[in-house]
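**Q** Take a look at this one; I'll ask things after.
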Amino acid sequence: MPPDLAHRSSFRLGAARARRVLHRWMLGPHMLAFLPAISLAGFWLGGEVLLLALALTIPLIYGLLLTGDSAAALGSARGGGDLVSMAMAQELAEHSFERARAAETHTACLLFEAEGLEAISRRMGEDVAETLRALFLHRLRETLRPEDSAMRIGDSRFMALIAPGLRLDLETLLALADRLQHALEEPATTDTGVHYLSVAVGLCGSSRLRKGAGGSDMLDCAQAALREAMDNAPSAIRPWSEGMRAERRARTALLSEVETALAKGQIQPWYQPQLCTSTGEISGVEALVRWLHPQHGIVPPARFLDALQESGRMEQLSDAVLHHSLTALRGWDQDGLRIPRVSINFSEVELRNPRLVDRLKWDLDRFGLPATRLGVEVLETVIAESSDGIIARNISALARIGCRIDLDDFGTGHASIGALRRVTVHRLKIDRSFVARIDRSEDQRRMLAAILGLADRLGLETVAEGVESSGEHALLAQLGCDHAQGFGIARPMPAPQLADWARAHAQRIAAAQRLGRSNG
Ligand code: C2E
Ligand code: CA
Ligand code: CA
């Protein structure tokens, strides 16, 4: 570590430690023994006035120190003052690692992710999030020993470095992680109410690292363990293991491979038809992205969307999907097919893009297609978490230019009725889990009927997804669901196959109509 950085960081840690020692000393039981002495000295030095002043200020000082969890006492930690850059975090981890190595002992790095803090910041504002960050840091420091250190290294991420010691085996570290997690997950009270946040923990002890590794490797490995914990479940704790190294390598390889695939045009949408339940005609198609992998064949989005998101390529993905979809739509029009609309899935990142509407308008103009031919699918979770601000403005602007807005996976995202009112939505896309087995389960049928009733009262159209059987399809029509989509109708397919399917489907409908007329 460069000498000035080492000096600055050890000074910073030293100051924080001194603050904590002072805090504990002031609040310790031994202070009670000094109180009569302080009062007597006050009376002796300044008479009643000083005694009165002491009587008034001591409880005040204590009040401030004891309300350690309150926003006022945490004022000093607010304003991002405790945020440490990643470069600094690496230097501190190196420093701790070197000290442990010199003393032939061990150290450890623990990382904590306050899950849901970002959503709180979006929903309730930065002030509330800042108060919670300060509170978390305070709790970490209170639970650690004075010789350990804790800092914030991101918007919702914290790091603890355990001072070098001999007994830092896996069992001890897991027990420590558990204790710290418990302390952090205590309900947190702010002016806006009580918050319950889960905390994921990733950790790495220096003894678990390969020979020749250093402090920044320890931090890297703790990061990988934290990612693993966050991918697993809320409140998970994961220690670094060698097995994660292979996974990390595979992940890095996937990231670069998927970026190349996108650039080479191997990532394209397939189309799944949606039918109107009363006429049986195609009411639209949904564009679902596929990776046409030269070796592995068709790769579904679940295997690569996260990688694209992680590498910040979602906008490029939606550009590709939009371009392919509009090309397909124009081609179907030229073939004389009636495909009224293509719907595209937009991720939260794209919906936050202030240029989204202009970009879509420009593309539609280029293809000579009106905005009414384009549908936008927005996940219910996205509007549940931010029904105001840029996302709502973008959705409303898309609706204003004529795009149809579908609320995807409806029933799983907990959007309030208020959120449904604030954000322009035309259609509820009922999640597959509410559609499966409706022809066989009375409970399931009742639930679906309730959702359809809600949509009706809100004046919204409905589309059921995941329709797998003709029994489900028939019952949906009977219950009044407007549109249906699912493997029972057709699987997603490339644009030319969809054209063939649409032609065959039009013939089936015409034949059914002829049959109906001759029977009637
Ligand atoms: P989603 O938007 O809910 O899409 C529906 C998924 O259900 C699709 O999976 C579709 O193939 C599948 N599906 C359709 N009918 C049935 C059925 O009857 N039974 C069953 N079991 N499944 C059915 P897919 O294509 O694997 O897409 C998965 C998710 O990936 C999509 O869920 C969507 O959230 C995301 N996705 C797909 N394409 C894009 C895209 O271009 N952009 C973004 N941001 N996300 C996309
Ligand atoms: Ca969708
Ligand atoms: Ca869906």
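**Q** Return a yes/no flag: does the range 294-305 have any residue that is surrounded by 22 or more Cβ atoms within 10 Å (Cβ to Cβ) and touching a residue at least 12 places away in the same chain (Cβ under 8 Å).
**A** The answer is yes, given that some residue of the range 294-305 is surrounded by 22 or more Cβ atoms within 10 Å (Cβ to Cβ) and touching a residue at least 12 places away in the same chain (Cβ under 8 Å).
**Q** Give the range 236-247 a look and list any residue that's charged (D, E, K, R) and buried (at least 16 other Cβ atoms within 10 Å of the Cβ), or say none.
**A** Within the range 236-247, R238 is the sole residue that qualifies.
**Q** In the range 144-175, how many are more than 25 Å from S85 (Cβ to Cβ) and of a type in the set (A, V, I, L, M, F, W, C)?
**A** Here the count works out to 6.
**Q** If you check V321, V357, which single one turns out to be away from ligand 1 (no atom under 15 Å from the Cβ), surrounded by fewer than 21 Cβ atoms within 10 Å (Cβ to Cβ) and touching a residue at least 40 places away in the same chain (Cβ under 8 Å)?
**A** Sole residue among the options that is away from ligand 1 (no atom under 15 Å from the Cβ), surrounded by fewer than 21 Cβ atoms within 10 Å (Cβ to Cβ) and touching a residue at least 40 places away in the same chain (Cβ under 8 Å): V357.
**Q** Ok, one more. Can you pull out the residues in the range 385-420 that are within 16 Å of ligand 2 (Cβ to nearest atom) and in a helix (DSSP H, G or I)? Can you show your working first?
**A** The first filter runs over the range 385-420 and keeps only residues within 16 Å of ligand 2 (Cβ to nearest atom), leaving 395, 398, 403-413, 415.
Matches in the range 385-420: I395, L398.
**Q** Counting only residues that are among the small types (G, A, S) and part of a helix (DSSP H, G or I), which one in the range 197-235 is surrounded by the fewest Cβ atoms within 10 Å (Cβ to Cβ)?
**A** Across the range 197-235, the extreme among qualifying residues is S207.
**Q** May I pose another question? What is the number of the single condition among (1) in contact (Cβ under 8 Å) with a residue 40 or more places away in the chain; (2) assigned to a helix (DSSP H, G or I); (3) away from ligand 1 (no atom under 15 Å from the Cβ) that R338 does not meet?
**A** All conditions pass for R338, except number (2).
**Q** Being of a type outside the set (G, A, S), outside any helix (DSSP H, G or I) and surrounded by fewer than 16 Cβ atoms within 10 Å (Cβ to Cβ) is true for just one of T260, T279. Which residue is that?
**A** Result: T279 is the single residue among T260, T279 that is of a type outside the set (G, A, S), outside any helix (DSSP H, G or I) and surrounded by fewer than 16 Cβ atoms within 10 Å (Cβ to Cβ).
**Q** Please go through the range 473-487 and give me each residue that is buried (at least 16 other Cβ atoms within 10 Å of the Cβ) and either at pLDDT below 95 or near ligand 1 (Cβ under 9 Å from one of its atoms) (or both), ordered by number.
**A** Q485, G486
**Q** From the list L360, L322, L369, L326, pick out the single residue that is in a loop (DSSP other than H, G, I, E, B) and away from ligand 3 (no atom under 16 Å from the Cβ).
**A** The unique qualifying residue is L369.
**Q** Quick one: would you say R303 is more than 20 Å from the chain's Cα centre (by Cα) and not hydrophobic (A, V, I, L, M, F, W, C)?
**A** Against the criterion (more than 20 Å from the chain's Cα centre (by Cα) and not hydrophobic (A, V, I, L, M, F, W, C)), R303 does not qualify.
**Q** Return the residue satisfying two criteria in turn: it lies in the range 299-319 and is small (G, A, S) and part of a loop (DSSP other than H, G, I, E, B), and of such residues it is nearest to D406 (Cα to Cα).
**A** For the range 299-319, the residue satisfying everything is G312.
**Q** Now, a different point. I need the full set of residues from the range 469-481 which are in contact with a Leu (Cβ under 9 Å, 6 or more places away or on another chain) and part of a loop (DSSP other than H, G, I, E, B), in order please.
**A** G480, C481
**Q** Could you tell me which of the residues R249, R313 is basic (K, R) and free of Cβ contacts under 8 Å to residues at least 12 places away in the same chain?
**A** Details: R313 fails: free of Cβ contacts under 8 Å to residues at least 12 places away in the same chain.
The match here is R249.
For (1) without any contact (Cβ under 8 Å) to a residue 12 or more places away in the chain; (2) buried (at least 19 other Cβ atoms within 10 Å of the Cβ); (3) within 15 Å of ligand 1 (Cβ to nearest atom), each residue gets a yes or a no:
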| position | (1), (2), (3) |
| --- | --- |
| I417 | no, no, no |
| V423 | no, yes, no |
| D431 | no, yes, yes |
| A436 | no, no, yes |
| E442 | yes, no, no |
| R445 | no, no, no |
| A455 | no, yes, no |
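**Q** Please verify whether the range 386-408 includes one or more residues that are within 26 Å of L275 (Cα to Cα), in contact with a Pro (Cβ under 8 Å, 6 or more places away or on another chain) and away from ligand 3 (no atom under 16 Å from the Cβ).
**A** yes
**Q** Further, regarding this structure: One residue is enough: does the range 433-440 have a residue meeting the conditions more than 16 Å from ligand 2 (Cβ to nearest atom), charged (D, E, K, R), over 19 Å from L275 (Cα atoms) and modelled with pLDDT of 95 or more?
**A** Looking for residues that are more than 16 Å from ligand 2 (Cβ to nearest atom), charged (D, E, K, R), over 19 Å from L275 (Cα atoms) and modelled with pLDDT of 95 or more, one finds none in the range 433-440, hence no.
The values are calculated or read from the model by the stated rules, or taken from the named source; none is laboratory data. In this text the structure is predicted, and so the values were computed from the model without any measurement. Here the Cβ is made from the backbone with ideal geometry for all residues, glycine too, and neighbour counts use every protein chain on show.
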